[in-house]
Amino acid sequence: MSGTTAALSLLAVALVAVGGVYGAAWAARIGSGAPDAAPFGSGLEPTEHAVSRFHVRWYTVTMLFLAFDMEMVFMYPWTRVISAMGPSAVIEMFVFLAVLVTGVVHAWREGALRWT
């Protein structure tokens, strides 16, 4: 067999294999109709439209989440250098945490975390 014949044979085998996989997928599919255009929410039927507006109250919760998410971004490297920097690093981190907790207490007192 020459090189060209071997390459064409290999190409033909690959095309038959891909065609077989597509044929098997076509034969094994359950329904041929298009699925309903509804957002997936843990198997529950949606109660409102997918592009409905969110209440402004979610803005505060989102900002609190991002603040504590950024806190973790700063705390991971802090744990690596705490032994080299000494007690001043611990004091600085507790001041940082106090500022964040103050923000949460303020949001709580203003009723931003109330869901009713």
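Here are some notes:
- Overall shape of the chain was characterised from the C-alpha gyration tensor. The equivalent ellipsoid obtained from it has semi-axes of 56, 32, 9 Å, in decreasing order.
- Portion, in percent, of the accessible area of the chain that falls on carbon or sulfur, probe 1.4 Å: 70 percent
- Rolling a 1.4 Å probe across the protein heavy atoms gives the chain an accessible surface of 87 Å² per residue.
- Within segment 50-116, the proportion of C-alpha pairs whose separation exceeds 13 Å stands at 70%.
- HN-Hα J in Hz across segment 76-86 - Karplus 6.51, -1.76, 1.60, θ = phi - 60°, x for Gly and Pro: 4, x, 4, 5, 7, 10, 5, 6, 6, 8, x
- Computed helical MRE - 222 nm, the chain, DSSP H runs ≥ 4 contributing -39500 (n - 2.57), nearest 500: -24500 deg cm²/dmol
- Point-charge dipole on Cβ atoms (K/R +1, D/E -1) for the chain, about Cα centre, debye to 20: 20 debye
- Percent RCO, i.e. relative contact order, over the chain, from Cα pairs under 8 Å lying at least 6 residues apart: 24 percent
- In Hz, Karplus ³J(HN,Hα) per residue of segment 95-108 (6.51, -1.76, 1.60; θ = phi - 60°; x = Gly, Pro): 5, 4, 5, 5, 5, 5, 5, 4, x, 5, 4, 4, 4, 5
The values are calculated or read from the model by the stated rules, or taken from the named source; none is laboratory data. Quantities reported herein were computed from a predicted structural model and do not represent experimental measurements. Cβ: placed from backbone, ideal geometry, glycine included. Neighbour counts: every protein chain shown. When the accessible area is computed, the model is the full protein with side chains, heavy atoms only, and any ligands, DNA or RNA have been set aside. Shrake-Rupley method; radii C 1.70, N 1.55, O 1.52, S 1.80 Å.
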